[in-house]
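Data first, discussion second: the structure below is written as structure tokens.
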């Protein structure tokens, strides 16, 4: 997958034009932006599992974090299935600011933090995406990161923060889900075990 500056709506692929202050938009027009957000939907493999929760944006020491909450706004936990729900239940709930998935049951995620600048993928992240099998990749809620979802054997989470921020999780972890696919990535999951072994 390339980082070519094209509209992020999968059915469009029109070139993007520089916006105000040199910013690169994600969509070529308001029509495409609205259509993309209406079509935003995570893969069926995630939707079918009752491992969903809402999240609330919180700020601690000047840093934004996203705390998992139930569909009614109570605290949720990545290790307590009683606080999870179906995708439909959390999608339609009003609490918090968005939805997320509790990793597990063989589904993991590679979190590439701060890898998008004005819609352009940083070279270190592009190298990872280029090695990625055909699996679901989405833009994070901030618009500056990518989440690579796929099948992954459960193992302790790990991270790399020397110059770049790469984290790998496969269990006991809450990941936000936007449904905003990156550059025409498929809406299905593939095995990302081999890829994570190289990170």
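The values are calculated or read from the model by the stated rules, or taken from the named source; none is laboratory data. Quick caveat, the model's predicted, so the values are computed rather than measured. FYI the Cβ positions are ideal-geometry reconstructions off the backbone, even for glycines, and counts take in every protein chain you see.
Look at residue 43 and say whether it is over 16 Å from residue 141 (Cα atoms), under 21 Å from the mean Cα position of the chain (by Cα), surrounded by 13 or more Cβ atoms within 10 Å (Cβ to Cβ) and modelled with pLDDT of 90 or more.
yes
Conditions first: (1) without any contact (Cβ under 8 Å) to a residue 40 or more places away in the chain; (2) in contact with a helix residue (DSSP H, G or I) (Cβ under 7 Å, 6 or more places away or on another chain); (3) within 21 Å of residue 49 (Cβ to Cβ). Residue 146 passes all but one, so which condition is the exception?
(3)
Can you find, within region 46-70, the residue that is surrounded by the fewest Cβ atoms within 10 Å (Cβ to Cβ) among those that are modelled with pLDDT of 95 or more and outside any strand (DSSP E or B)?
Ranking the qualifying residues of region 46-70, first place goes to 48.
Have a look at 126, 160 and point out the one that is farther than 16 Å from residue 185 by Cα and surrounded by fewer than 22 Cβ atoms within 10 Å (Cβ to Cβ). I'd like the intermediate steps shown before the answer.
On the way: 126 fails: farther than 16 Å from residue 185 by Cα.
None of the others qualify; the one that does is 160.
How about region 161-191: which of its residues are touching a helix residue (DSSP H, G or I) at 6+ places or on another chain (Cβ under 8 Å) and either assigned to a strand (DSSP E or B) or farther than 24 Å from residue 117 by Cβ (or both)?
Answer for region 161-191, where residues must be touching a helix residue (DSSP H, G or I) at 6+ places or on another chain (Cβ under 8 Å) and either assigned to a strand (DSSP E or B) or farther than 24 Å from residue 117 by Cβ (or both): 166, 168, 177, 187, 188, 189.
If you go through region 86-121, how many residues are within 19 Å of residue 159 (Cα to Cα) and free of Cβ contacts under 8 Å to residues at least 24 places away in the same chain?
Going through region 86-121 one residue at a time, the tally reaches 0.
For region 77-112: of the residues being at pLDDT below 95 and within 16 Å of the chain's Cα centre (by Cα), which is nearest to residue 51 (Cα to Cα)?
91
Is it true that residue 160 is touching a strand residue (DSSP E or B) at 6+ places or on another chain (Cβ under 7 Å) and within 22 Å of residue 199 (Cβ to Cβ)?
Values: touching a strand residue (DSSP E or B) at 6+ places or on another chain (Cβ under 7 Å): yes; within 22 Å of residue 199 (Cβ to Cβ): yes.
Against the criterion (touching a strand residue (DSSP E or B) at 6+ places or on another chain (Cβ under 7 Å) and within 22 Å of residue 199 (Cβ to Cβ)), residue 160 qualifies.
Within region 120-153, restricting attention to residues that are farther than 16 Å from residue 168 by Cβ and part of a loop (DSSP other than H, G, I, E, B), which residue is modelled with the highest pLDDT?
Among residues in region 120-153 that are farther than 16 Å from residue 168 by Cβ and part of a loop (DSSP other than H, G, I, E, B), the one modelled with the highest pLDDT is 134.
Let's see how each residue does on (1) touching a residue at least 60 places away in the same chain (Cβ under 8 Å); (2) over 13 Å from the mean Cα position of the chain (by Cα):
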site	(1), (2)
160	no, yes
165	no, yes
169	yes, no
172	yes, yes
181	yes, no
187	yes, no
191	no, yes
198	yes, yes
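Consider residue 131 against the criteria (1) farther than 25 Å from residue 199 by Cβ; (2) surrounded by fewer than 21 Cβ atoms within 10 Å (Cβ to Cβ): it satisfies all of them except one. Which criterion is unmet?
(1)
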